[in-house]
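The values are calculated or read from the model by the stated rules, or taken from the named source; none is laboratory data. Here the structure is a predicted model, which is why all the values come from computation and not from measurement. Ideal geometry is used to build each Cβ from the backbone, glycine not excepted, and the neighbour counts take in all protein chains shown.
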Amino acid sequence: MGNNELKRKLSQDCRTSGDRGSEELTRGWARLSGNAASTSTNNISSPQPHLNQPVYDVESARGLSESLLQGEERAEESAEDSEDDASRSYAENQKERDSKLSFAVYCSLAANVLLLVSKIYAFFISRSQAVLASTADSGVDLASQAVLALAAWQMRKEDLRFPVGKTRLETLGVIACAVIMGLASFEVVESACMQMYAGVVKGAYPDLDFGVLMYAILGATTALKIPLYFYCIHLKDISASMGALAEDHRNDVLANATAMITAGIAAYDKSRLWMIDPIGALLISLYIMWSWTLITKEQLDKLVGHAAPEEFVREVAEMCEEHHGELEVDVIRAYHFGERYTVEVEIILPGGMTVRESHDIALDLQHKIEALEDVERAHVHVDYQSRDKPEHKVDRNLNEGWHLNQPHPDYLHIANCRDASPSKAECSPAPKQTGSSSSGQG
């Protein structure tokens, strides 16, 4: 190996090794250069140099090899240290995130227990339907937190029956909370209507007792809920459970304020204004049912697979375009898989590229996309040309207006054969050679 060729190798190694490895390689090259210069001078002055005589001695080559090896080892150590630092940094960020979530959950739990006990006492003294509606809301808050805690606990448990995990339990937990809230509010609506019927038809007016103590209890608990609402709404983007807790706190604030106003008005003149109290209960319950209906629709959209916003799709597209110089983006699909997104990317790479190269490019892109906080799972499909029609049967059938579960036209015979005689071996022929060389990462 000549000096120029060896120098190019050393320069390449210096670029790809770590900082500490580069120093070792540089020292090795400096030592080799000095020895090469001295041996070159000796060769010129020598009367008859051998035709195969090297321009550097064996000791210099051995020292260079040791320097190269040490540089590579130190570069690998530096890379490992860098990965360890990144892992530690991520673990610390996750720990801080989890501590914020835990703090919000525990504070909300303590506030809801205190609120429920206070409201039960307030209802038994005042006999106000509006206070009852607010009490039911607080009771359901505790049940909702239990549901969300159970969902979070189950999500973290590995279960082979669910090969891609159980992260959608968080979405189902929020829907379960909405159902509980709706049922409790419906019961309060029924009670308020019965009280109005008894007052209007039978003349049986409610006996309300709403004094300063009731205002103090409901006012204090309302003041406690306001900062909790803002804290949980701040963490809404991190966890859907925080959004549900924030909704609980807001409902409590509005319910308590409405209960204080309507019950106070009704207690001021029981003979003429008594109906304000059950009307207040109706307003509180109907608002809670409406707000949780909107939350339920949002969570159902996430379960069904609602598309991700355009801003997120553009972010993924930019990431793909910058990933590799020869990569061309064909199709990007991003949709909800529960609380987070599933991302499907179809990319085009040169047809002459080896399977190993295309696989590594696609796999690295998959890991890069999955590093985004909002991504649950990413799939990268590699092709050598763009396709005019969707490649998956549901997309294709919706586009063509065919039966939703119809197979690809080239393989309809398989479905027909299995329907006629599932045991026949010819129902599963060898795959048809279509000339497509594509691979998917997932």
*When S102 is evaluated against the numbered criteria (1) surrounded by fewer than 14 Cβ atoms within 10 Å (Cβ to Cβ); (2) modelled with pLDDT of 85 or more; (3) under 27 Å from L228 (Cα atoms), which criterion, by number, is the only one it fails?*
(2)
*Mind checking which pairs have a first residue in the range 207-228 that is closer than 24 Å to F103 by Cα and a second that is assigned to a helix (DSSP H, G or I) and of a type in the set (S, T, Y), Cβ under 7 Å, 6 or more apart or different chains?*
T221/S118; L228/S108
*the range 280-312, subset buried (at least 17 other Cβ atoms within 10 Å of the Cβ) and touching a Ser or Thr at 6+ places or on another chain (Cβ under 7 Å), residue farthest from K166 (Cα to Cα)*: G280
*Mind listing whichever residues of the range 117-139 are buried (at least 20 other Cβ atoms within 10 Å of the Cβ), farther than 17 Å from L286 by Cα and of a type outside the set (G, A, S)?*
K119, F123
*Can you pull out the residues in the range 229-271 that are touching a Ser or Thr at 6+ places or on another chain (Cβ under 6 Å) and crowded, with 19+ Cβ neighbours inside 10 Å?*
L245, A255, N256, A259, A263
_Checking the structure you have, find out if any residue of the range 382-403 is touching a helix residue (DSSP H, G or I) at 6+ places or on another chain (Cβ under 8 Å), surrounded by 16 or more Cβ atoms within 10 Å (Cβ to Cβ), farther than 28 Å from G338 by Cβ and modelled with pLDDT under 85._
no
*Could you tell me which residue of the range 105-116 is surrounded by the most Cβ atoms within 10 Å (Cβ to Cβ), considering only residues that are within 30 Å of I279 (Cβ to Cβ) and among the aliphatic types (A, V, I, L, M)?*
L115
_Hits in the range 125-174 (condition: within 25 Å of I238 (Cα to Cα), among the small types (G, A, S) and touching a residue at least 12 places away in the same chain (Cβ under 8 Å))_ = S138, A143, S144, A149, A151, A152, G173
*Considering the range 185-213 alone, what residues qualify as being of a type outside the set (D, E) and either in a loop (DSSP other than H, G, I, E, B) or in contact with a Gly (Cβ under 6 Å, 6 or more places away or on another chain) (or both)?*
K202, G203, A204, Y205, P206, L208, F210, G211
